[in-house]
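Contents: one structure, followed by commentary.
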Amino acid sequence: MALCSFDIYSEDFADFIYRHVNSAYEALSEISGSGCIDFVSSEYAVVYRSLDQTLPLSLSRYSYDSIPKLYAPMDTSSMEASGIIASFSQPSLNSMGEGCLIGIIDTGIQYENPLFRNPDGSTRILGIWDQTIPGSARLPVPDKEGQVYLRYSDPILYGTAYTREEIDQALSSPSPLERLPSADTQGHGTFLAGIAAGGASPDGSFIGAAPLANLCIVRLRPAKQYLRDFFLIPPEAEAYQENDIMLGVKYLQYVASHYSMPLVILLGMGTSYGSHDGTSPLSQLFRSVSNYSGVVPVVAAGNESGYRHHYSGNIHADQEYEDVEISVASGENGFIAELWSDDPELYTVGFISPTGENIPRIPLTFQNDNRIAFLLEQTVITVNYVNAEVASGSQLIFMRFQDPAPGIWRIRVYSSLFITGQFHIWLPVHGFISDSTFFLRPDPDTTVTDPANTPSVITAGAYDHESGGIYIHSSRGFSCTGVIKPELAAPGVSVYGPGLAKASSQFSDEDLSLPMTRKTGTSIAAAHTAGAVADLLSWAGKNNMLAAFSPASVKSILIRGAARNPVYSYPSKEWGFGTLNLYQSFLRMRESDPP
């Protein structure tokens, strides 16, 4: 088996996600060939395999859930609106996240910023795993037979991990980035960290939701080109791999265990690839970690509601087919459309191009790569029928549009096994497709991105804390299985928080004006919520009640304290059970026995 550190970075190796049991190690080794294996948990492993042995990548050769999905980022008065400042001012509730770890999987962090330091100048960041910086491989010692067996408890196998001590050493040097080169070039991760756990700014204009919490950061590496090509992602789009996020969760658990701290996992990314029912590998991993008290995942609902990327189908019993119309923008290089059935129903599809070329119904018997070339449009559509997708059990019709001609494309959907006639089709998330490519008859509901559909995570939608209105693009529930998502809404429109400094010297003691900016999106709402959860766990730790604060009980506490507008009915597809109000959540705990 080759050293994973080299294989993982190489564009010559492909990444796959597989379920495993201990007895299946030999099978995974056979799959990896000259590559290697990295265990995520007791259930999942990432297998790295030579690209020469892998291509062409298609659903006729590999299971859908084994191919890592690509995720995109879901881009102070807001603390007052969330009831966080009010909880700070009460002596009996004065928990500001101390003793709690907030783990953020995103674009990294500008660790030099004073907002992430203690009053003595030392860092509150307990660890940074930068997946973009190659480091030495960390393989276990072979056993007496000379075999190397990796286990899910092993440390990271690629990238570079920095400890709190190494961060402090860098901060004390004249040029921190020369000593510790991890950075955040996009600013998204730094902003989330500031909202969730930033300290008070010198001028008093800003404070985070849990300003005394510790931080642990995973900087994701960009997605490999072969996956970008498979999913037809435009060159300018930020995209990150599902398996890297999963391994980030493993790292956060490792650090939290090392310091014996409760952990809040903040993920401000999402994807529209998948069944939207909480059965993807990442969703299943979140289900698993949510079984432990003191580990609470918080996920952004997504920013998909206003982009017309979701279609809800309903074929009647006496109806032969239903036409689904997609307006495709000029210059669109390609996109994926996924049709998911309500299990156990089955469907088939045909197509009509903008010039009227009609592709008749493709039979279910053709389950391999059905490649359709259109004569006039110079467009190729590849169709795969997956009649019982491994994770969800539902039918998936995977439609890959390459070089689609501009105009109105029709997907003609036929029912092959009728029960209710209901199905969903999703286009990729905003940023992975042109804003001018959309369904002509979209449904703004059921647009919560994965893994936010996972029942055990806390899912946050976004609202404007100044106007009181819901954010226009905040993804709406419920999930396609009827699970109430999002659970609540938090501030996420034009929120004030830390920006990126051009150089570390901007953080000198003489300059008290920190770089600040404003951002919008459900990831910002999730950061507020993650900070509030850290405050709750901090309070529970002080009162020796941490064992009782499971993810489910924390969710219930936040839901009970949520502010509800009498104008709306709850639970709501936009608002969940209301808006985040930490102070009211604390007060509600007095009205019943603690969890």
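We did not get these values from a lab; they are worked out from the coordinates using the rules stated. Everything quoted here is computed from the prediction, not taken from an experiment. Cβ sites come from the backbone with ideal geometry, for glycine too, and all protein chains shown count toward neighbours.
For this structure, a couple of remarks:
- With the cut-off at under 20 Å, measuring from each backbone N in region 236-253 to a point 7 Å along the Cα-to-Cβ line of Ser42 picks out 246-253.
- Of Lys69/Lys250; Lys224/Lys502; Lys250/Lys555; Lys485/Lys519, those spanning more than 25 Å from alpha-carbon to alpha-carbon: Lys224/Lys502
- Taking amide hydrogens as placed 1.01 Å from N in the peptide plane, the amide H of Gly270 sits under 5 Å from those of Ala72, Met74, each at least 5 positions away in sequence or on another chain.
- Mean Cα-pair separation over length for region 310-439, i.e. relative contact order, pairs under 8 Å, 6 or more apart, %: 45
- Take 381-394, 192-205 and order them by the average number of nearby Cβ atoms within 10 Å per residue, most first; the result is 192-205, 381-394.
- Note that region 375-385 has calculated 3J(HN,Hα) couplings of 5, 7, 7, 6, 10, 10, 10, 10, 10, 10, 9 Hz, one per residue in order, obtained from phi through the Karplus relation 6.51 cos²θ - 1.76 cosθ + 1.60 (θ = phi - 60°); glycine and proline are x.
- Counting neighbouring Cβ atoms within 10 Å and putting the fewest first, the residues Cys36, Cys100 line up as Cys36, Cys100.
- Estimated from helices alone, the mean residue ellipticity of the chain at 222 nm is -6000 deg cm²/dmol (sum of -39500 (n - 2.57) over DSSP H runs with n ≥ 4, per residue).
- For Gly99, the residues whose modelled amide H falls within less than 5 Å of its own, excluding neighbours fewer than 5 places apart on the same chain, are Asn214.
- Proximal charge balance of Asp343 [Cβ under 11 Å; K/R count +1, D/E count -1]: -4
- Rounded if a/c under 1.5, otherwise prolate or oblate - region 310-439, Cα gyration tensor axes: prolate
- Our coupling estimate for region 50-58, obtained by passing each phi through the Karplus curve with A = 6.51, B = -1.76, C = 1.60 and θ = phi - 60°, is 3, 5, 4, 7, 9, 6, x, 7, 7 Hz, Gly and Pro reported as x.
- What the Cβ-Cβ distance of Ser416 and Tyr568 gives, at R0 = 56 Å and to the nearest 0.05, is a FRET efficiency of 0.90.
- Taking amide hydrogens as placed 1.01 Å from N in the peptide plane, the amide H of Ile372 sits under 5 Å from those of Ile381, Thr382, Val383, each at least 5 positions away in sequence or on another chain.
- Added length on full extension, which subtracts the Cα-Cα distance from 0.36 nm per residue, Leu376 to Glu236: 47.5 nm
- Residue-count net charge about Ser415 - beta-carbon cut-off 10 Å; Lys, Arg +1, Asp, Glu -1: -3
- Coil-residue GluC sites (Glu not before Pro) of region 229-332, DSSP, other Cβ within 10 Å capped at 13: Glu236, Glu320
- Computed E for Glu466/Asp203 - FRET, C-beta separation, R0 25 angstrom, nearest 0.05: 0.75
- Residues Met516, Met261 arranged by fewest to most Cβ contacts within 10 Å: Met516, Met261
- Evaluated at q = 0.08, 0.10, 0.11 Å⁻¹: base-10 log I(q)/I(0), Debye formula over Cα of the chain: -0.55, -0.85, -1.02
- Scalar couplings 3J(HN,Hα) for region 537-550, obtained by applying the Karplus form with A = 6.51, B = -1.76, C = 1.60 to θ = phi - 60°, are 5, 4, 4, 4, x, 5, 9, 6, 10, 4, 4, 8, 9, 6 Hz; x denotes Gly and Pro.
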